[in-house]
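First comes the structure, then the notes that go with it.
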Amino acid sequence: MQANVTIDRRTALREIKQKLDLASVGYGAAGVTALGGLAISNPVLAIAGLAGAAAALENIQKLSQIVRALTAILDAFEDTQEIEYLTSLEVPDNGALDLLVKFLTARVNFAIALRSQGQAKITYREEKESLYRRNKSGGLKPWTPDHIHRLNEQEFFLRKYQKHLLGSSSRQRYRPIVKLLVLTGETRLGQHPEHLYVTIGQEKVLLLKKRISVYVVEEKQLVPFIEGFLAQKSKQA
C-alpha cells in the first residue's frame with residue numbers, strides 16, 4: 001500500500017474502506033471464516049497458493065486494523081482537534097509505519113504500529129531488551145521483527161528523508177513524535193513489573209525505553225491513551 005496523504009479526513013478513510021471491501025470480496029462468497037470481524041473465504045487458497053493467500057490475508061488484516069484505529073480516532077477527536085494523518089508509510093528495510101497521526105492543534109504527532117499475534121500475550125524481558133509472545137499452548141518465543149527498533153528507524157527515516165510529511169515549517173517538522181505499539185484484536189499485554197508502567201490519563205500502559213521511548217497499549221486503550229496524553233500535555237503548556 002502506498003502512503004496516503006490526507007486532505008479530507010473522512011474521504012480518505014472511505015477510500016481505505018473501499019480497498020478493504022474489494023480485498024474481502026476477492027475471496028468469493030464460500031467457506032467463510034472470521035478474521036478480525038471480516039468475512040474471509042477459503043477458495044483462494046487453492047487458486048493463489050498458500051503464499052499468495054497468506055499475503056492477501058495479511059493485507060486484509062492490516063487494512064482492517066487501520067480502518068478501526070482511524071475511525072476511533074476521528075470519532076473521538078475530529079470535532080475538537082485539527083488532525084491530519086498518513087497511512088502505510090514505507091521505510092526501506094524497516095517495513096511500513098501504519099499510521100502517522102498529526103494533531104496540529106496540540107502540536108504533537110503519534111507514530112502508530114498496529115500489530116496482532118492472535119490470542120498471544122506479549123511480554124517484555126528487560127534482560128533481553130526484547131518483546132516475547134506467549135501462545136495459548138504456553139510456549140514463549142521472541143516476537144520478531146523487533147517492533148521497538150522498527151519504530152525508531154521509521155521515525156529516523158521520516159525526520160531525515162521525509163521531512164515534508166511532518167509539516168511545511170521547521171517548527172512543525174521538529175514536533176515530538178509519540179511512538180505507540182498497539183496490540184490489536186485478541187492479542188493482549190502480559191504482566192510486567194510495576195516500574196515498567198506509567199499512567200496516562202486513566203490508562204495504565206507499558207513504557208519501554210530502549211534508546212527510545214515506546215508506549216505499548218491494547219487496542220481498546222488507544223483513544224483513552226491519546227486523550228490522556230493530550231490532556232497531560234495541555235496542563236504542561
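Rule-based calculations on the coordinates, nothing more; no lab input. Quantities reported herein were computed from a predicted structural model and do not represent experimental measurements. Ideal geometry is used to build each Cβ from the backbone, glycine not excepted, and the neighbour counts take in all protein chains shown.
The modelled label-to-label distance between Lys204 and Ser137, using points 7 Å beyond Cα along the C-beta direction, is 3.2 nm. Counted by neighbouring Cβ atoms within 10 Å, the residues Ile177, Ile112 run from fewest to most as Ile177, Ile112.
Centre-to-centre separation between the Cα atoms of region 172-218 and those of region 131-160: 13 Å. Here r is the Cβ-Cβ distance between Glu82 and Glu126 and R0 is 45 Å; the resulting FRET efficiency, rounded to 0.05, is 0.70. The simple spin-label model puts a point 7 Å past each Cα toward its Cβ; for Lys17 and Arg211 those points are separated by 4.1 nm.
By the count of other C-beta atoms within 10 Å, a proxy for reagent exposure, Lys163, Lys62 are ordered fewest to most as Lys163, Lys62. An oblate overall shape is assigned to region 4-236, the ratio a/c of its alpha-carbon gyration tensor axes (a ≥ b ≥ c) being 1.5 or greater and a/b not exceeding b/c. Between Lys233 and Glu186, the modelled labels are 3.5 nm apart [label points 7 Å from Cα along Cα→Cβ]. DSSP assigns beta bridges within region 4-236; of those with both partners inside it, close to 70 percent run antiparallel. Counted by neighbouring Cβ atoms within 10 Å, the residues Thr80, Thr184 run from fewest to most as Thr80, Thr184.
Note on Thr144 and Arg107: the extension gain reaches 10.1 nm, defined as 0.36 nm multiplied by sequence separation minus the Cα-Cα distance.
A Cβ-based charge dipole, computed about the Cα centre of region 4-236 with Lys and Arg at +1 and Asp and Glu at -1, lands at about 560 debye. A simple count of charges around Ala111, restricted to other residues whose Cβ falls under 12 Å of its Cβ and scoring Lys, Arg +1 and Asp, Glu -1, yields +2.
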